[in-house]
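Q: Below is the structure I would like to discuss, written out as structure tokens.
What follows draws every value from the coordinates through simple rules; no lab data is involved. These numbers were taken from a predicted model, which means no experiment stands behind them. Cβ: placed from backbone, ideal geometry, glycine included. Neighbour counts: every protein chain shown.
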Amino acid sequence: MSPLEDAIKLFGITNQLLEHDLDRVEREQGVELNRGHRRLIDTDDVYYPQIEKAIRSEAAAMAPLYEVFYSLEKTIRALVTDTLAAEEGDGWWDSQRIPSQLKADAEKRRKKEIEAAITPRSDLPIAFTTFGELGQLINANWDLFGETFSNQKAVEQVMARLNTLRGPIAHCSPLAEDEIVRLRLSVRDWYRLQE
């Protein structure tokens, strides 16, 4: 990935976090800044209003953080895929570079979705890995990722911090303001490690 691409991604994620801050100001001050926001998904007009307003407000506040983490995780997943495919070709997932337990766990998740009669999230096995497993893949293949990142221990630390911050975001709990700042800094750290 080029420095320009990294800068553009960092700009986009930083913008999402700034939008979150503006949303908070609007909410706390009871003002509308007319930023052209519109709801992307229509809510259920019958049942959604029955959910407490405080819970709906909390969900609205957390939505931008989910968007940031979603974008970051997809970016990391693409980096892992591109790096391993460049080395091993299209069959990289079946190579010795992917730990067998990780493959088995991803296959279990894929099979569980199929058996639940829902549309599988992807045809790609890597889509069924957890965020923590992405960190394991980077670490297990440091001979390849060492060209992308400046320090292996620092990558492990940032991935661990991001994985901890992911928990509340993924499991419908609010992040404290300090943790929102920590998320913002962790995203910056992630991209700084690639300089």
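Q: What number of lysine-lysine pairs in the chain show an alpha-carbon separation below 26 angstrom, given a sequence spacing of 8 or more or placement on distinct chains?
A: Value for the chain: 10.
Q: While we're looking at this one, here's another question. With viscosity set to 1.002 mPa s at 20 °C, what whole-number translational diffusion coefficient in µm²/s follows for the chain from Stokes-Einstein and a Kirkwood radius over Cα pairs?
A: So the translational diffusion coefficient is about 114 µm²/s.
Q: For the residue pair Ala85 and Lys112, what label-to-label distance in nm results when each label sits 7 Å from Cα along the Cα-to-beta-carbon direction?
A: 2.6 nm
Q: Now for a different question. Which one, Trp92, Thr119, Ser2, projects farthest toward the positive side of the charge dipole computed for the range 1-154 from Cβ point charges (K/R +1, D/E -1)?
A: Final value for the positive-end residue is Thr119.
Q: Would you mind calculating the relative contact order of the chain from Cα pairs under 8 angstrom and at least 6 residues apart, reporting the percent as a whole number?
A: Over the chain, the number comes to 26 percent.
Q: Could you work out how much longer the chain between Ser122 and Val181 gets when fully extended? Use 0.36 nm per residue separation minus the Cα distance between them, nm to one decimal.
A: 18.1 nm
Q: Measuring from the lowest to the highest alpha carbon on each principal axis, how far does the range 50-135 reach, largest first, in angstroms?
A: 51, 29, 19
Q: Please compute the length gained on full extension between Arg192 and Glu67, using 0.36 nm multiplied by the number of residues separating them and subtracting their Cα-Cα distance.
A: Taking Arg192 through Glu67 to full extension adds about 43.0 nm, to one decimal.
Q: What is the gain in length, in nm to one decimal, between Ser57 and Ser100 on full extension, counting 0.36 nm per residue of separation less the C-alpha to C-alpha distance?
A: Result for the pair: 11.2 nm of gain on full extension.
Q: How much net charge surrounds Asp90 when only other residues with a Cβ under 15 Å from its Cβ are counted (Lys, Arg +1; Asp, Glu -1)?
A: Spelling it out: positives minus negatives among the neighbours equals -4.
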